[in-house]
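Engineer: Pasting a structure below so you can have a look.
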Amino acid sequence: MKNLLLMRHGKSSWKDDSLEDHERPLKKRGHRDSKLIAKVIKKNNLIPDLILSSSATRAKETAEAILDALDKKIKVVDSEELYMGEPQDFLNALSDLSDEIMTVMIVAHNPGLEAYLQIIDGKIESVPTAGLGHLVLAVDHWQDVSFETMGDLVGFWRPKELREKKK
């Protein structure tokens with residue numbers, strides 16, 4: 001069994017309209033929500049062995065915020081393919097992983113992230129910014145992950161709901 005954490009990047013800033021989409025940074029809420037999700041990761045013992053991140057600034061900043069909050073040394077691999085990636089791009093990234101990796105986190109974008117989640121879980125989930133899904137995949141080898149590989153969505157967290165619980 002392998003664990004897959006799918007996270008949409010945190011809320012990004014549109015303040016500087018001269019920036020290309022790829023270069024947009026996180027806004028303050030994006031940083032706060034990412035750190036909130038890091039607490040969920042820690043509490044549920046879901047520390048990833050590796051983070052695969054879209055090459056977009058907002059995705060890389062989300063991964064960095066997670067790492068800062070976890071206070072762990074975890075390798076982050078930036079991927080151009082995950083920037084606005086389609087479900088096949090997620091499969092390609094996972095199939096190249098070493099089997100020593102038990103838990104991997106992908107930080108990416110909609111609509112590809114939601115589409116991939118729907119394919120492997122069989123349900124439609126709306127993934128808000130900084131939303132996190134935890135899937136358990138019924139495979140022992142990452143190269144066996146395919147569109148036929150079903151996973152169980154065993155956890156799903158939305159920052160808005162987490163903030164409301166704290167009140």
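What follows draws every value from the coordinates through simple rules; no lab data is involved. Computed from a predicted model, the values in this text were never measured in an experiment. Glycine gets a Cβ as well: all are built from the backbone with ideal geometry, and neighbour counts include every protein chain shown.
Engineer: Roughly how many Å is it from the Cα centre of the range 98-126 to that of the range 24-58, as a whole number?
Structural biologist: Cα centres, the range 98-126 to the range 24-58: 15 Å.
Engineer: Which residues among the range 122-139 fall inside the zone where the amide N is under 20 Å from a point 7 Å beyond the Cα of Lys28, along Cα→Cβ?
Structural biologist: Counting backbone N atoms under 20 Å from the label point, the list is 129-130.
Engineer: Let me ask you something else. Each residue of the range 133-147 in turn: what ³J(HN,Hα) in whole Hz from Karplus with 6.51, -1.76, 1.60 and θ = phi - 60°, glycine and Pro shown as x?
Structural biologist: Computed from phi, the couplings for the range 133-147 are x, 10, 10, 9, 9, 7, 9, 9, 10, 4, 5, 8, 5, 8, 5 Hz.
Engineer: For the range 4-51, what does the equivalent ellipsoid look like in terms of its semi-axes, each the square root of 5 times an eigenvalue of the Cα gyration tensor, given largest first in whole Å? Write out the running numbers ahead of the final one.
Structural biologist: Details: eigenvalues 137, 30, 7 Å².
After diagonalising the Cα gyration tensor, the semi-axes are 26, 12, 6 Å.
Engineer: Continuing with this model, one more query. Calculate how many DSSP beta bridges within the chain are antiparallel, expressed in % of all such bridges and rounded to the nearest 5. List each step's numbers first, then the result.
Structural biologist: Working: 13 of 28 bridges.
DSSP beta bridges in the chain are roughly 45 percent antiparallel.
Engineer: Please list, in chain and number order, the residues 5+ apart from Ile106 or on another chain whose amide H is under 5 Å from its amide H, with Hs placed from the backbone.
Structural biologist: Leu5, Leu6, Met7, Leu52
Engineer: Leaving out same-chain residues fewer than 8 places away, which aspartates and glutamates sit with a Cα under 16 Å from that of Lys39?
Structural biologist: Glu64, Asp68, Asp71, Glu161, Glu164
Engineer: Something else now. For the range 29-116, just list the percent of Cα-Cα distances falling in each 10 Å bin from zero outward, please.
Structural biologist: Result, from short to long distances: 18, 50, 32, 1 percent.
Engineer: Please state the equivalent ellipsoid semi-axes for the range 61-164: what are the square roots of 5 times the Cα gyration tensor eigenvalues, largest first, in whole Å? It would help to have the intermediate numbers written out before the result.
Structural biologist: On the way: eigenvalues 84, 64, 39 Å².
Sorted largest first and rounded, they come to 20, 18, 14 Å.
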